[in-house]
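**Q** Here it is, the structure, as C-alpha cells.
The values are calculated or read from the model by the stated rules, or taken from the named source; none is laboratory data. No experiment lies behind these values; they were computed from the predicted model shown. A quick note on method: Cβ atoms are made from the backbone with ideal geometry, for glycine too, and the neighbour counts reach across all protein chains shown.
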Amino acid sequence: MTMVFTNGCFDLFHPGHSHSLTAAKKFGDYLVVAINSDDWVRRVKGPGRPIYPLSERMKMVMCHKAVGEVAAFDTEDDLQNLIEKVYKPNVLVKGSEWRGKAVTGKDWVIANGGKMRYIEPYGEYRTTHIISQILNLFEKERWVTGE
C-alpha cells in the first residue's frame, strides 16, 4: 500500500482544498491529512484565525472522499513525529508554492525511499484571498448603505 501524506490549515474549506486532496490521493492508495492546531493557525495567520476550530476543520476534511484519515499537530516537531514515527508515508505532498523551500518531513521521506510531490493550485482559491474578498464586499456594502 502506498501511503500519501499532506498537511495544512484547511480553514474555510474551498474548491482549492478539494482539488489538492483529490490530486494528492492520485499519488497512492491511502491519504493522511495532518491539520494545524488552532494555536498554530493563530500564531501564523493572526488572531482572527482560524475561522473554524480544529474539530470542525477535521470533520470537513474527513468528509472528502479522497481522505483516509486526519490527524492534528501543533508544532513542526509534532508534524515530523507524525511523518517519521506514526504514518511513515511513501509520498509527501505539498502545494507548488513550496518548491525550493524547506518542507517538514521531506528529507526523512526521501531518505526512506519515498517521494516528494507538488500540486499546482486550482485558480485563485486561497483562504486568505477569500477572506479579503469578503471584507472588501463588506466595506463596499457599508459604504453604500452608510452603516
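**Q** Please pick out the residue among Val41, Val61 that is closer than 14 Å to Leu12 by Cα and in contact with a Pro (Cβ under 9 Å, 6 or more places away or on another chain).
**A** Val41
**Q** Out of everything in the range 61-97 that is touching a residue at least 60 places away in the same chain (Cβ under 8 Å) and β-branched (Val, Ile, Thr), what residue ends up being surrounded by the fewest Cβ atoms within 10 Å (Cβ to Cβ)?
**A** Among residues in the range 61-97 that are touching a residue at least 60 places away in the same chain (Cβ under 8 Å) and β-branched (Val, Ile, Thr), the one surrounded by the fewest Cβ atoms within 10 Å (Cβ to Cβ) is Val91.
**Q** Still on this structure, please answer the following. Among the residues that make up the range 10-17, is at least one of them within 26 Å of Ser132 (Cα to Cα) and among the aromatic types (Phe, Trp, Tyr)?
**A** Yes, the conditions are met somewhere in the range 10-17.
**Q** Of the residues in the range 108-146, how many are of a type in the set (Gly, Ala, Ser), within 23 Å of Lys26 (Cβ to Cβ) and either out of contact with any helix residue (DSSP H, G or I) (no Cβ under 9 Å at 6 or more places or on another chain) or modelled with pLDDT under 75 (or both)?
**A** 2
**Q** Name the residues in the range 55-77 that are assigned to a helix (DSSP H, G or I), within 20 Å of Lys94 (Cα to Cα) and not acidic (Asp, Glu), would you?
**A** Arg57, Met58, Met60, Val61, Met62
**Q** OK, next. Looking at the range 1-58, which of the residues that are within 24 Å of Glu120 (Cα to Cα) and acidic (Asp, Glu) is surrounded by the most Cβ atoms within 10 Å (Cβ to Cβ)?
**A** In this case the residue turns out to be Asp11.
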